[in-house]
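Student: Here it is, the structure in full.
The values are calculated or read from the model by the stated rules, or taken from the named source; none is laboratory data. On a predicted model such as this, the values are computed, not experimentally measured, just so you know. Neighbour counts run over all protein chains shown; Cβ positions are idealised from the backbone, glycine included.
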Amino acid sequence: MKKIIPNEIKKIILDNIESSTSHGFPNILRSESYIIKFMWTLCLLISSGYCAYCLTKSFQDYFSYETDTQLNYKRVSQIEFPTVTFCNKFATDLNKGNEITELAKFGYIQLKSELTDLTDYNEIFKFIDYNFKYQSIKFIDNFSYVGFDIDKMLLNCNFNFKGCNSSNFKFFLSSTYGFCYQFNADKSNIRKVSSPGKQAGLSLELFIGYPNKDYDLYKSYGAHLFIHNSSTIPSSEYDGISLSTGHETDIVVSKTYFQKLPKPYSDCVQDSNATKNFDSDLYRETIKIFGQYDQKSCINLCFHKSILDVCGCYYPDQNIIKNLTQACDIDKGYKCYLNFSASYGESKSSIECIDKCPEECESVKYSLQMSHADYPTPFYAEFFMAYDYFINNGSRNFISYSNVKESTLAVNVYFDDIGYTIVEEKPSKTIEQLVADIGGFLGLCIGISILSVAEIFDSILKIILLFFQKKNESIKISHLNHL
């Protein structure tokens, strides 16, 4: 009985191999010549080896989680207009004529008197910029006495074929430029446009003021413009473009959505508001300070945190701190900051910032194309002079064409097409492609298909049934012998 079962199992296996859809094994069994058996065995080993190599490579490709980037352009009936923030490069309006402006004038003259070595101008303007940021935090409650009011700056405003005014702008305080103003910054009511071109975009005409050699501590004057998503806070450290007086600047905006794949394809974070999506204190603090996460703000915050670690105080940026007690003073703290920032770019700290600040999976970027024209024409300047004289009692001092040209500028922000570009990542190899590779290589190399796998289970099932059959026969024989 014990010898019969192995023989029957062997017969089941050989029968299944001979009838298998795989060609190598049946041919080895059926061949009577040892030379032909050897030839089929050799071919089977070679094809099996090649199959194993191809399958290994296919699995490696799948588990490397590589991606392909797809770029598509999509036209829509409406598109969200970006938030536009403008600032006067003259952070203080000294013509307001109050105690604070007089104090500011005195401070500027005193600061200029302390600049004895005028040869190293880069260091001078670094110090001026740092000093202004420090003082802006110190006198933040009194800044309204010296800041440029929007009603004085805004000469004309049009958006989407209609006029707009100062009530359509939201106040924003910059540590570099003082008073700034944002259009389309209400997240609950984002404005959209459905037509391309200047008339459907935002057109601004701004009064900047006049340079003054006694009080101005700036390299340049004009306006600074930020074009950004409504959920982000612009930074004067690395964002924005400069606009010069006497010119009209056309800015053509193109919108691009970036969509990256999350883990295991990358370490990007999917929900920019969820503090638990990434295990980093810097990541969580970025959300706390800025309201929403983005990698650029996180890296900037990491830079400020590195200053704190080395110098024991913060760089005076109002986006980061609100309390002057946290800021580095203008003496020792400022010198420590200069020494640290000079070596930061090649330091280990800057490399660690990338690890602490993951990339966001979804982001919006705006690409800008700019062109310029002289502004205003002598004819158009006459309107400004008449308006200022009869309506504003000459508050802007528009008395000549050169005077108007020196102190005003225009900017037009618009889309040239109502659509956006989607840059989207897709897996280079999906699970369906992996299964197709497995089936393709097995079928090509050794002729195995899904049905061939079923034949293996068929053999196993027959062997199991054989054991049950023999067991039943043994029980019957034992029962007959007992009788």
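Student: Which count do you get for residues in the range 173-187 that are in a loop (DSSP other than H, G, I, E, B) and under 22 Å from the mean Cα position of the chain (by Cα)?
Tutor: Qualifying residue count for the region: 4.
Student: Follow-up question, since we're still on this one. Only one of these conditions is not met by ARG30: (1) basic (Lys, Arg); (2) at pLDDT 80 or above; (3) surrounded by 12 or more Cβ atoms within 10 Å (Cβ to Cβ). Which number is it?
Tutor: (2)
Student: Tally up the residues in the range 201-246 that are assigned to a loop (DSSP other than H, G, I, E, B) and closer than 30 Å to THR286 by Cα, please.
Tutor: Qualifying residue count, the range 201-246: 12.
Student: In addition: Which residue, of ASP374, ASP388, ASP317, is surrounded by 19 or more Cβ atoms within 10 Å (Cβ to Cβ), at negative phi, assigned by TED's automatic domain parsing to the domain that holds PHE207 and not hydrophobic (A, V, I, L, M, F, W, C)?
Tutor: Just one listed residue meets the conditions, ASP388.
Table: residues versus (1) polar (S, T, N, Q); (2) within 30 Å of LYS426 (Cα to Cα); (3) at pLDDT below 90; (4) not in a helix (DSSP H, G or I).
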| residue | (1), (2), (3), (4) |
| --- | --- |
| SER367 | yes, yes, no, yes |
| SER371 | yes, no, no, yes |
| PRO376 | no, no, no, yes |
| PHE379 | no, no, no, no |
| TYR389 | no, no, yes, no |
| ASN392 | yes, no, yes, yes |
| SER395 | yes, no, yes, yes |
| ASN403 | yes, no, no, no |
| GLU406 | no, no, no, no |
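Student: Picking from LYS276, LYS288, LYS305, which residue would you name as being free of Cβ contacts under 8 Å to residues at least 40 places away in the same chain, not in a helix (DSSP H, G or I) and not acidic (Asp, Glu)?
Tutor: Of LYS276, LYS288, LYS305, the one residue that is free of Cβ contacts under 8 Å to residues at least 40 places away in the same chain, not in a helix (DSSP H, G or I) and not acidic (Asp, Glu) is LYS276.
For every residue, the table says whether it meets (1) assigned by TED's automatic domain parsing to the domain that holds PHE383; (2) not aromatic (Phe, Trp, Tyr).
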position	(1), (2)
LYS138	no, yes
PHE179	yes, no
LYS187	yes, yes
LYS192	yes, yes
GLY201	yes, yes
ASP214	yes, yes
GLU237	yes, yes
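Student: Are any residues in the range 145-189 under 28 Å from PHE384 (Cα atoms) and either loosely packed, with under 13 Cβ neighbours inside 10 Å or touching a Pro at 6+ places or on another chain (Cβ under 6 Å) (or both), and if so, which ones?
Tutor: Listed by number, the residues that qualify are ASP151, PHE161, LYS162, GLY163, ASN165, SER167, PHE171.
Student: Would you mention how many residues in the range 249-273 are part of a strand (DSSP E or B) and not hydrophobic (A, V, I, L, M, F, W, C)?
Tutor: Number satisfying all stated conditions: 7.
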